[in-house]
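Everything on this sheet refers to the single structure shown next.
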Amino acid sequence: MSESMKIVKLKNYGIPSYIVNIWEKHYSPYLLPLQEDAVRNYGILNYGENKEGCMLYTPTEEIDSRFRGNDIRRSRNDMRRDCRVASLLTMTEREVARNDNNNLLVIAPTSSGKTFIGEMAAIAQAVHKKKTIYLVPLRSLAEEKYHHFKDLYADCDINILISSRDRREYDKKIIRGDYQAVVMVYEKFNYFLLEHPDFLRDVSLVIIDEMQMIHDPVRGPLLEEIIAYLKKNKPELKIIGLSAYLDNEAGFLNWISADSLLSYQRPVELRKGLVREGTFKYITHNSYCCGEETFFAPDEVRDNCYEDYLEKTVSYFVKKNEPTLLFFPTRKDTRKWAGWLAGQIDAPRAENAIFELSRLEETRCRDELLYLLEKGIAYHNADLSWEERNVVETYLRKGEIKLICATTTLAMGVNLPFKNVILSLNKYTSNDGDYRNGYFTSLTVADIENMGGRAGRLNQKKGEDFGRVIFLAHSLLSETVVQNLYFNALKRR
């Protein structure tokens with residue numbers, strides 16, 4: 001396999017050196033295979049059309065010989081071998097799709113680099129005086145993405161705005177077109193389509209992040225309406241969809257009418273398994289190899305006691321200084337188990353996090369977090385203000401916070417350095433958005449893959465070569481259920 005493409009080569013596609021320098025410093029000198037394929041073969045850095053309808057880019061240096069002539073698109077077999085990226089469409093269908101529109105759907109595991117594909121595409125539009133709308137499903141993700149863009153490109157004079165139910169201060173600017181990129185939640189974008197449809201007049205690219213939300217009972221129909229509107233009323237507008245695993249990939253690809261870039265490989269290996277009687281039995285994500293690790297002795301836990309398994313497993317990770325994320329179905333559960341762990345675990349105090357949090361406005365969440373941070377523990381859910389979430393996320397990255405109990409607010413978007421993810425078997429959902437009428441249901445395989453993908457994130461500390469996705473099999477029944485729910489399905493896949 002040839003050497004990975006250097007980010008500095010993006011100058012060949014019209015990306016200025018000061019942007020390239022930012023990307024090299026913040027990410028890596030090299031593109032990941034998925035990102036490289038998106039640049040070379042799927043035109044994500046294209047910024048407009050010429051009179052013949054062909055997408056344009058501006059080379060500023062001599063193009064590498066690998067990019068010339070018939071070699072600019074590798075064969076299907078080459079892509080499978082070199083990048084392990086497979087398309088569900090035949091080559092003929094792919095060419096038809098590419099001629100009909102320039103839409104692209106990227107489906108890949110978390111930490112495979114698909115978010116940076118969207119970022120590169122948005123900045124490529126901005127440096128050529130084009131406009132981009134970046135859509136996310138949650139307000140917390142909109143805030144995170146907005147601040148990420150502002151922090152990276154503050155000195156580049158790229159006008160980046162945000163719009164959500166809570167952030168309306170830039171809405172008039174958005175209507176006037178006084179921006180280069182806008183981060184917007186799905187619901188707010190739909191509102192603009194209904195009330196101010198002309199706001200898309202100069203937009204050249206819409207990026208839809210977390211597109212796996214198409215299966216969400218609340219946001220799925222809304223996202224479907226948005227895509228259908230754009231396909232019908234703005235066919236010239238380019239759409240790039242970024243998705244983790246989908247439950248029905250083939251059907252969705254058939255409906256959306258876009259070129260597809262699929263990858264099932266992760267840059268960081270994952271060990272996915274269950275803990276039973278102190279032993280973690282796992283299968284690896286990329287290589288499908290089986291293995292075992294011993295976390296604690298069998299006689300240290302009682303059978304049928306979830307609390308024993310949770311305490312011993314988490315204590316093992318705390319002693320190894322490994323940041324761990326625990327997913328629970330509800331906000332109440334995150335508070336309950338974070339408080340319980342604080343009474344059981346002996347972990348260092350998050351001193352700087354406590355100091356910064358104590359300066360914020362008094363809230364119930366702030367006071368609870370101050371207590372939990374005495375043991376380096378926090379929770380993360382929709383009840384936290386943006387400032388409180390920012391403190392938790394910042395000091396997890398700095399290594400002060402070792403354990404976070406979270407709902408699915410951390411299953412998407414936010415890139416945090418967890419070594420381990422511990423999953424429950426259930427999730428809490430609602431068909432109408434009113435969670436007072438919600439219900440518990442089992443996790444799907446796609447849920448497990450996407451939530452578990454928070455472990456073993458790329459760009460963690462040096463020497464980080466794997467993450468763990470863990471179910472606690474505290475009884476024979478729970479072991480059987482996990483096998484039937486997930487691992488048997490994984491083997492079939």
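Condition first: open to solvent by 10 Å² or more (accessible area, probe 1.4 Å), in a helix (DSSP H, G or I) and either among the small types (Gly, Ala, Ser) or touching a residue at least 24 places away in the same chain (Cβ under 8 Å) (or both). Now tell me which residues in the stretch 210-234 satisfy that.
Taking the stretch 210-234 first, the residues open to solvent by 10 Å² or more (accessible area, probe 1.4 Å) are 210, 212-219, 221-222, 224-225, 228-229, 231-234.
Next, from what is left, pick out any that are in a helix (DSSP H, G or I): 212-215, 219, 221-222, 224-225, 228-229, 231-233.
Those that are open to solvent by 10 Å² or more (accessible area, probe 1.4 Å), in a helix (DSSP H, G or I) and either among the small types (Gly, Ala, Ser) or touching a residue at least 24 places away in the same chain (Cβ under 8 Å) (or both): Gln212, Met213, Ile214, His215, Arg219, Leu222, Glu225, Ala228, Tyr229, Lys231, Asn233.
State all residues of the stretch 127-145 that are open to solvent by 10 Å² or more (accessible area, probe 1.4 Å), without any contact (Cβ under 8 Å) to a residue 60 or more places away in the chain and either among the aliphatic types (A, V, I, L, M) or on the phi < 0 side of the Ramachandran plot (or both); if no residue qualifies, say none.
Filtering the stretch 127-145 for residues open to solvent by 10 Å² or more (accessible area, probe 1.4 Å) gives 127-131, 138-140, 143-145.
Checking the rest, the ones that are also without any contact (Cβ under 8 Å) to a residue 60 or more places away in the chain come to 129, 139.
Result: Arg139, single match.
With respect to Ile207, is the statement that it is modelled with pLDDT under 95, β-branched (Val, Ile, Thr), closer than 26 Å to Leu45 by Cβ and open to solvent by less than 30 Å² (accessible area, probe 1.4 Å) true?
On the way: modelled with pLDDT under 95: no; β-branched (Val, Ile, Thr): yes; closer than 26 Å to Leu45 by Cβ: yes; open to solvent by less than 30 Å² (accessible area, probe 1.4 Å): yes.
Against the criterion (modelled with pLDDT under 95, β-branched (Val, Ile, Thr), closer than 26 Å to Leu45 by Cβ and open to solvent by less than 30 Å² (accessible area, probe 1.4 Å)), Ile207 does not qualify.
Give the residue that is nearest to Asp303 (Cα to Cα), with candidates limited to residues of the stretch 456-470 that are of a type in the set (Gly, Ala, Ser) and modelled with pLDDT of 65 or more.
Here is the first cut: in the stretch 456-470, the residues of a type in the set (Gly, Ala, Ser) are 456, 463, 467.
Keeping just the survivors that are modelled with pLDDT of 65 or more gives 456, 467.
Numbers: Gly456: 29, Gly467: 26 Å.
Filtering first and then ranking leaves Gly467.
For the stretch 382-419, give me each residue that is among the hydroxyl-bearing types (Ser, Thr, Tyr) and touching a residue at least 60 places away in the same chain (Cβ under 8 Å).
First pass over the stretch 382-419, keeping only residues among the hydroxyl-bearing types (Ser, Thr, Tyr): 385, 394-395, 407-409.
Passing the criteria: Thr407, Thr408, Thr409.
Considering only residues of the stretch 240-264 that are touching a helix residue (DSSP H, G or I) at 6+ places or on another chain (Cβ under 9 Å) and modelled with pLDDT under 85, which is farthest from Gly220 (Cα to Cα)? Walk me through how you get there before you give the answer.
To start, the set of residues in the stretch 240-264 that are touching a helix residue (DSSP H, G or I) at 6+ places or on another chain (Cβ under 9 Å) comprises 240-248, 252, 255-263.
Applying the additional criterion that residues be modelled with pLDDT under 85 yields 245-248, 252, 255-257.
On the way: Tyr245: 15, Leu246: 12, Asp247: 13, Asn248: 13, Phe252: 12, Trp255: 14, Ile256: 14, Ser257: 17 Å.
The qualifying residue farthest from Gly220 (Cα to Cα) is Ser257.
Does the stretch 248-258 contain any residue that is among the acidic types (Asp, Glu) and either more than 24 Å from Cys405 (Cα to Cα) or assigned to a strand (DSSP E or B) (or both)?
First pass over the stretch 248-258, keeping only residues among the acidic types (Asp, Glu): 249.
From what's left, either more than 24 Å from Cys405 (Cα to Cα) or assigned to a strand (DSSP E or B) (or both): 249.
Within the stretch 248-258, one or more residues are among the acidic types (Asp, Glu) and either more than 24 Å from Cys405 (Cα to Cα) or assigned to a strand (DSSP E or B) (or both).
Applying the selection to the stretch 156-184, what residues are open to solvent by 10 Å² or more (accessible area, probe 1.4 Å) and assigned to a strand (DSSP E or B)?
Ala181
In this structure, is Leu373 at pLDDT 95 or above, out of contact with any Ser or Thr (no Cβ under 6 Å at 6 or more places or on another chain), surrounded by 16 or more Cβ atoms within 10 Å (Cβ to Cβ) and part of a helix (DSSP H, G or I)? If you could, list the steps in order and put the result at the bottom.
Working: at pLDDT 95 or above: yes; out of contact with any Ser or Thr (no Cβ under 6 Å at 6 or more places or on another chain): yes; surrounded by 16 or more Cβ atoms within 10 Å (Cβ to Cβ): yes; part of a helix (DSSP H, G or I): yes.
So Leu373 fits the description; yes.
Has the stretch 471-488 got at least one residue that is outside any helix (DSSP H, G or I), under 30 Å from Glu356 (Cβ atoms) and either open to solvent by less than 60 Å² (accessible area, probe 1.4 Å) or at pLDDT 75 or above (or both)? Give the derivation first.
The first filter runs over the stretch 471-488 and keeps only residues outside any helix (DSSP H, G or I), leaving 471-475.
The next check asks that each one be under 30 Å from Glu356 (Cβ atoms); those that pass are none.
Looking for residues that are outside any helix (DSSP H, G or I), under 30 Å from Glu356 (Cβ atoms) and either open to solvent by less than 60 Å² (accessible area, probe 1.4 Å) or at pLDDT 75 or above (or both), one finds none in the stretch 471-488, hence no.
The values are calculated or read from the model by the stated rules, or taken from the named source; none is laboratory data. Source: prediction; values computed, not measured. Glycine gets a Cβ as well: all are built from the backbone with ideal geometry, and neighbour counts include every protein chain shown. These area figures cover heavy atoms from the full protein model, side chains too; ligands, DNA and RNA do not enter into them. Shrake-Rupley method; radii C 1.70, N 1.55, O 1.52, S 1.80 Å.
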